[in-house]
Amino acid sequence: MKRTALLTLGLLLACATIATAGDSKKKKEDTKEGYVFTELKRLPTTSVKSQDRAGTCWSWSTISFLESEIMRLGKDSVSLSPMYIVWNTYDEKANKYVRMHGCMNFGQGGASADVTWAIKNYGIVPLETYKGLNYGEKVHAHGELDGILKAYVDVIVKNPNRKISTAWKQGYDAILDAYLGEKPEKFTFRGKEYTPMSFYKEATGLNMDDYVSLTSFTHHPFYTQFAVEVPDNWIGEMSYNLPLDELMDVLDKAIDNGYTFSWGSDVSETGFLRDGIAIIPDIENVETKDAEIAKWVKMNKTDKQAKLAEKPVVQKQITQEMRQEAFDNYETTDDHGMHVVGKAVDQNGNKYFIVKNSWGDYNKYHGYLYASYPFVAYKTTSVMIHKDALPQALKDKLGIK
């Protein structure tokens, strides 16, 4: 009996020890920091889409921005067709490439102005009307299409007949039709018949003249317009040049006032993490025992990103000079277009913009990411926004009506 009691007591103590250890382990797991975001404001937008294997982020992001604009203007929500825009801009890009004797960038890239130009000239259609998948694929994959288009226009530029024929453009457009599908001349949407232009003018409430591009660089005078010198700005989009602190203030207050914006940015930084965080870490001031600068330098990019994902770190204070130097040294390039729809803070009070991406439901934030204010200040090439998001005094200074 006594032996049994002692055995029972031993078992109880062992169970208690195991339980305590389990609770400690659970508590340790529960207190693992990571990033904890409190959203301050998130504005309405349509569902996350995927550009898949096509370098057409500029179209998807700007279309997403305009979809939010339609809702902001009190119209019914609708998903628009990015590939309708792609057909029209690829068509115009070929015209310009041939006229420039091939001396311009000809590829998948573009800018927000491509979208507003295409809508202004050719209207727009709903996504369900024109999906741009006419080549045996379930997802967008433009490698073959882009290779064929480039080879085609290069032959025209070489001018083998010593006179450019009248047929070349018909052949080029036939390739676009074969891959993306012929553009609809008329269609029915929600019980009403439209043309692409009447749909733009009657159903969306949009006016392409209401949208402006903003940037911030010192190699042009502030408060003037210039075409940002990036290869994908083939259309020559003009941007208003603001001091960095003023640009960031405009973007911050725009969200407060209900305006989203299309965002062009570099995403090659180590701090652009695939799990939905974009930061500019100040490595020399990161106060963790195992992140000394010597160890950091030896890490590969994957290990660095894993380290940065553990918890919020000290970020660099971005200056106008830092931003300019990165652009001049090709450290900031025009990589990717996204759509900014809100703002948030992490557990340390650091501010972030909430960004809708076009890579599908690919991370724990289901296709969204949080880009810190330092990241946006450092890596933005340009943004497109409704002109009324700008303070009246700034609009007057820029001559915007």
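The values are calculated or read from the model by the stated rules, or taken from the named source; none is laboratory data. Please read all numbers here as calculations on a predicted model, not as lab measurements. No Cβ is skipped: glycine too gets one built from the backbone with ideal geometry, and neighbour counts run over all protein chains shown. Note: areas computed on protein heavy atoms with side chains; ligands, DNA, RNA excluded. Shrake-Rupley method; radii C 1.70, N 1.55, O 1.52, S 1.80 Å.
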### Task
Place +1 on the Cβ of every Lys and Arg and -1 on the Cβ of every Asp and Glu in the stretch 25-145, take the dipole about the Cα centre, and give the residue among TYR122, SER112, MET83 whose Cα lies farthest towards its positive end.
SER112
### Query
Using the alpha-carbon centroid of each, what span in Å lies between the stretch 151-194 and the stretch 26-95?
28
### Task
Sort 229-242, 386-399 for me by packing, meaning the mean count of neighbouring Cβ atoms within 10 Å per residue, highest on top.
229-242, 386-399
### Summary
For the chain, longest principal axis from Cα atoms; helix 112-122 axis from its Cα atoms; angle between them, nearest 10 degrees, is 40
### Task
Please say if the stretch 97-157 is rounded, prolate or oblate, where rounded means a/c under 1.5 for a ≥ b ≥ c the square roots of the C-alpha gyration tensor eigenvalues, and otherwise the choice is prolate for a/b larger than b/c and oblate otherwise?
oblate
### Query
Given 0.36 nm per residue, what is the gain on full extension from LYS138 to ASP91 after removing their alpha carbon distance, in nm?
14.6 nm
## Note on the structure
With the 1.4 Å probe rolled over protein heavy atoms, the chain has an accessible area per residue in Å² of 49
### Message
Taking a ≥ b ≥ c as the square roots of the Cα gyration tensor eigenvalues, with a/c under 1.5 meaning rounded and otherwise prolate when a/b beats b/c, else oblate, which class fits the chain?
### Response
prolate
#### Entry: Protection-proxy order for peptides 256-268, 131-143, each taking the mean of Cβ atoms within 10 Å per residue, highest first
256-268, 131-143
### Message
Placing +1 on the Cβ of each Lys and Arg and -1 on the Cβ of each Asp and Glu in the chain, which of ASN134, PRO196, ALA178 has its Cα farthest towards the positive end of the resulting dipole?
### Response
ASN134
## Note on the structure
Once LYS351 and LYS163 are pulled to full extension, the length gained, defined as 0.36 nm per residue separation minus their Cα-Cα distance, is 61.9 nm
#### Entry: Rounded FRET efficiency, nearest 0.05, which uses the C-beta distance separating GLU185 from ASP328 and R0 of 45 Å
0.45
### Query
Using a ≥ b ≥ c from the Cα gyration tensor of the stretch 242-401 (square roots of the eigenvalues), is it rounded, prolate or oblate, where a/c under 1.5 gives rounded and otherwise the larger of a/b and b/c decides, a/b for prolate?
prolate
### Ranked order, HIS220, HIS366 - accessible area, probe 1.4 Å, largest first
HIS366, HIS220
### Query
What length, rounded to one decimal in nm, is gained on full extension from LYS395 through to THR224, with 0.36 nm per residue of separation minus their alpha-carbon distance?
60.4 nm
### Task
Determine, for the stretch 160-204, the count of lysine pairs separated by eight or more sequence positions (or lying on different chains) whose alpha-carbon distance falls under 26 Å.
6
### Message
Can you show me the helix-derived [θ] at 222 nm for the chain, built from DSSP H runs with n ≥ 4 at -39,500 (n - 2.57) apiece and divided by the number of residues, rounded to the nearest 500.
### Response
-12000 deg cm²/dmol
### Summary
Projected onto the charge dipole of the chain (unit charges on the beta-carbon of Lys, Arg, Asp and Glu, signs +1, +1, -1, -1), the Cα from THR381, GLY74, VAL228 with the largest positive-side position is that of GLY74
### Query
In whole Å, what is the distance between the alpha-carbon centres of the stretch 361-401 and the stretch 304-329?
18
### Carbon and sulfur %, accessible surface of the stretch 168-275 computed with the full protein complex present, 1.4 Å
48
